[in-house]
Amino acid sequence: TNSITQGEQVAPLWSWMLSQGMHIQFAHRTFQWTNDAPGRAAVHCVIIGFGVDKPKKVPLADYETVKSAPVIADVSNINPYLVEAADLVIDKRRAPICPVPEIVFGSMPNDGGHLLLSTQERDELLAAEPKAAKWIRRFLGADEFINNLERWCLWLKDCAAAELKAMPEVMKRVRAVAAHRKASSRPATQALAAAPHLFGEIRQPVGGYILIPRHSSERRSIIPIGFMPPDVIVGDANLCIPNAGLYEFGVLSSSMHMAWVRHVCGRIKSDYRYTNQIVYNNFPWPELGSVRSELVEGFRQPQPERIRAAIETAAQTVLDARAAEPNATLADLYNPPTPEKLLKAHRALDVAVDAAYALGGSKKSWKSDAERVAFLFTLYQKLTSL
């Protein structure tokens, strides 16, 4: 299956293969395989031929969709991600290779469901315990974020002991969390029973943040991300980037970033599995340095600042196009067909982001995902060999 060319599985397999002097001699990128057996399931496959010889030209078969006929072209080299680029593998990395904000997991309840509330459960709790209102927050898993579903949680991080004990209905839930954790076979979870009013892992940003769902449908050409205020609790089905702004939102919403995602992320079935240590921390950002984008009246901005400002403007246009559809969820907007106004905004964003990558004198346009990711692998190699 194509999992051997994606995500965390690439490094342990292909690092060893390459160390044995193996070279990929031909390959077929992902296609859908099926058969005539009853109850058959479609499987996404690749075909890879390898050996110790390294031909000057190697055939690489590409597919417009997983059900299309292959289009075969000779390329100079095929790497373990089935990209025409140097032989390298991407390992897990604890921090980004570029000077960008760090990304973290959302907070994990580990509560047996007792700190989480449906809208009906929230209303029933408030009817019985009005004083709990100040401790209830909106809670977002990936599904809630993408489909704008209502879910809530008890966020008791700064609740004084006396105030907590004065809310008997809340204390029932807290005691249920304690029982759930004590019954666990994991010592680490058992230890969390000492503070049953708190989430098991707390990583909530103190300010606004960008939310990235860890899983998203392959039907979407862009993984929908968004800005969230600090009073909305981000769950561990998501990743979040504190202290991020329009520039980061723009680059992460671009076709350049999505080309990287599609080639290096892991998959669940064929859906995207976005990770911090493989995808985000290894992503080669445009080399604009740490310039800022404020406009200073009477002064001409340096080119990097103008390009950064153009990305921020285009990113805001994407957000404005979303806001023009107030009744639509992110799933509505990004599952095909995407509204034309939003598509146009993303095309303008791609132009701005591509200009940032072209700043160093490299090519100014990319015709396909394969071209984009080949360029990004070259940039990755440069950044990680400094």
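Please report, to one decimal in angstroms, the Kirkwood hydrodynamic radius of the stretch 132-250 built from all distinct Cα-Cα pairs.
Numbers: mean 1/r = 0.0624 Å⁻¹.
Radius from the Kirkwood sum: 16.0 Å.
Above 35 Å, the calculated P(r) of the chain contains 37 percent of its Cα-Cα pairs. Computed over every Cα-Cα pair of the stretch 217-273 and binned at 10 Å starting from 0, the pair-distance distribution P(r) comes out as 20, 49, 29, 2 percent. Would you please give the FRET efficiency between MET17 and LYS172, computed as 1/(1 + (r/R0)^6) with r the Cβ-Cβ distance and R0 = 45 Å, to the nearest 0.05? Once the sixth-power term is evaluated, E becomes 0.20. Just to be sure I understand the curve: with the Debye formula and one point per C-alpha of the stretch 198-244, what is log10 I(q)/I(0) at q = 0.22, 0.31, 0.32 Å⁻¹? Here log10 of I(q) over I(0) equals -0.77, -1.19, -1.24.
Remark: the CYS45-LEU343 segment gains 104.3 nm on full extension, using 0.36 nm per residue and subtracting the alpha carbon distance. Its Cα gyration tensor gives the stretch 1-85 an equivalent ellipsoid. The semi-axes, each the square root of 5 times an eigenvalue, are 24, 16, 10 Å from largest down. Exposed loop chymotrypsin sites (Phe, Trp or Tyr not before Pro) only (DSSP loop, at most 15 other Cβ atoms within 10 Å): please give the longest stretch of the chain free of them, not including the sites. The answer is 64-298. Only alpha carbons enter this Debye calculation for the stretch 174-222, each as an equal point scatterer, and the log10 of I(q)/I(0) it gives at q = 0.14, 0.28 Å⁻¹ is -0.58, -0.97. 3J(HN,Hα) along the stretch 66-77: 5, 9, 7, 6, x, 10, 9, 9, 7, 10, 7, 6 Hz, from the Karplus curve 6.51 cos²θ - 1.76 cosθ + 1.60 with θ = phi - 60°, whole Hz, x for Gly and Pro. Here the contact order of the chain, divided by its residue count and restricted to Cα pairs under 8 Å and six or more residues apart, works out to 17 percent. Multiplying the residue separation of SER368 and ALA162 by 0.36 nm and subtracting their alpha-carbon distance yields 68.1 nm. Counting only protein heavy atoms and a probe of 1.4 Å, the accessible surface of the chain is 54% carbon and sulfur. The mean accessible area for residues of the stretch 29-170, using a 1.4 Å probe and ignoring ligands and nucleic acids, is 55 Å² per residue. Volume per residue of the convex hull around the Cα atoms, evaluated for the stretch 68-171, comes out as 209 Å³. Return the Rg/Rh value of the stretch 1-152, two decimal places, where both radii are evaluated on C-alpha atoms and Rh is the Kirkwood radius. We get a ratio of 1.19 for the stretch 1-152.
The values are calculated or read from the model by the stated rules, or taken from the named source; none is laboratory data. All values derive from a computational prediction rather than experimental measurement. Because the Cβ atoms are built from the backbone with ideal geometry, glycine has one as well, and the counts that use them run over all protein chains shown. Each accessible area value is taken on the protein alone, full model and side chains, heavy atoms only, with ligands, DNA and RNA left out. Shrake-Rupley method; radii C 1.70, N 1.55, O 1.52, S 1.80 Å.
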